[in-house]
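Trainee: Encoded as structure tokens, here's the structure I'll be asking about.
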Amino acid sequence: MPSRARLLAPLVVLTALTTALTETAALTEQAPTEPAPPAPADDIQALAGDWLYVRDLTEGRAVEDQGPRMNATIRLRVEKDAVVWERPGGDEPFMIDGSAIEEARGGATTRRQGAWKDGVLEYVVETTRDEDGAVLMLIHREFRVTPEGLHVRVVMDDTSKPGSLSLYRHPDEIELPEPAPATLADMAWLAGAWVGTRGTSSVEERWGPPRAIVMLGTSSTVKGDRLTAFEFLRIVERDGSLVYKAQPGGNPPTEFVLTEMSDGRFVFDNPRHDSPQRIVYERSGDDALTATIGWIHGGTPTRFEFTRERR
């Protein structure tokens, strides 16, 4: 418009500009609000990668209630106009410009909407019933990269409440624990068969005696006449401490380092593992054993009670 105006008489130019401004104002009043522009690439790229739950930062939450309010691990991929949450059940993309993605299924519609603003990625998932528009589910998530890691806030249904706040970090940025001094002789008492029940299942662990620098063990869970879980176990002496190696279902081993040994209590930690992060064996006399698995910080651990099998 300006380049053409220079070829016209001043009065014509003034008239044209007045008309254009009037039309633009009318269109502005009628047009919907434009989505916010996408974040600078170098800012939003900080969201990309694997994130692992570290601790619950929710104010006022009891220690036993602490834990992640979404997956213990989060994998995010940043694309041109969207962030993709890579999940075992399938990728879940959401836009970063405020636009929505809708999916209708089974008489309900799920609407996913993402937006990036001031260093915070907001992601809202709302499912409504097609029949009457009733809200069946509403989840509001916020992702913010901070100097200490990724803060993830989750609000369910009532968005007027603060919800829960969790801290995640890249696994290789999580500090490993300092090993506690110990030898296999300190756990020689574990050798033998330990049996217990959990619900309607029977659980047992069988440990061989220390040989060289290792104790070998197995764990099995049986419900009725069906084996529902099994695990290969090792406790290895290494660098003046002990390492607990677990292979559930025969999978590759995960290592947990001994971090505490006192009064018959042995604590093995791996803060870079998704779940569990802590395994604890507590000895009660010669014939009673309690084993728990859970988070390093907070939460209610899963508890197993065993007695020594006598033959």
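Where a number appears in this text, it was derived from the coordinates with a stated rule and is not lab data. In this text, all values refer to a predicted model and were calculated from it rather than measured experimentally. So basically every Cβ, Gly included, is an ideal-geometry build from the backbone, and we count neighbours across all protein chains shown.
Trainee: What is the distance in Å between the Cα centres of the range 137-151 and the range 262-293?
Mentor: Using only Cα atoms to place each centre, the spacing works out to 31 Å.
Trainee: R0 = 30 Å: FRET efficiency of T218 with E178, Cβ-based, nearest 0.05?
Mentor: Efficiency, from the Cβ-Cβ distance: 0.50.
Trainee: Which residue fluctuates the most in the chain, going by a Gaussian network model with Cα springs under 10 Å, if the choices are R278, R198, R69?
Mentor: Maximum fluctuation in the GNM of the chain, among the listed residues, is at R198.
Trainee: Find out how many positive minus negative residues lie around V222, taking Lys and Arg as positive, Asp and Glu as negative, among other residues whose Cβ is under 12 Å from that of V222.
Mentor: It works out to a net charge of +1.
Trainee: To continue, here is another question. Go through the range 145-151 residue by residue and turn each phi into a ³J(HN,Hα) via Karplus (6.51, -1.76, 1.60, θ = phi - 60°); whole Hz please, and just put x for glycine and proline.
Mentor: These are the phi-based 3J(HN,Hα) values: 7, 10, x, 8, x, 8, 8 Hz.
Trainee: Please give the contour-minus-distance gain from A288 to R238: 0.36 nm per residue of separation, less the Cα-Cα distance, rounded to one decimal in nm.
Mentor: 15.3 nm
Trainee: Moving on to the next point. With springs connecting C-alpha atoms under 10 Å apart, model the chain as a Gaussian network and identify which of E103, E260, E92 has the largest mean-square fluctuation.
Mentor: E103
Trainee: If you take volume of the Cα convex hull per residue in Å³ from the coordinates, which of (i) 124; (ii) 217; (iii) 178 do you get?
Mentor: It is the one labelled (ii).
Trainee: Moving to a separate point now. Taking 8 Å as the Cα distance limit and 6 or more residues as the minimum spacing, I'd like the relative contact order of the chain as a percentage.
Mentor: Worked out over the chain, it gives 12 percent.
Trainee: Where does helix 10-30 land angle-wise versus the long Cα axis of the chain, in degrees 0 to 90, nearest 10?
Mentor: Long axis of 10-30 versus the principal axis of the chain: about 40 degrees.
Trainee: Let me have the 222 nm mean residue ellipticity of the chain computed from DSSP H runs of 4+ only, each contributing -39500 (n - 2.57), with the sum over all residues rounded to the nearest 500.
Mentor: Theoretical 222 nm ellipticity from helices: -2500 deg cm²/dmol.
Trainee: Give me the distance in nm between label points sitting 7 Å out from Cα along the Cα-to-Cβ direction at H297 and E92, one decimal.
Mentor: In this crude spin-label approximation the distance works out to 2.3 nm.
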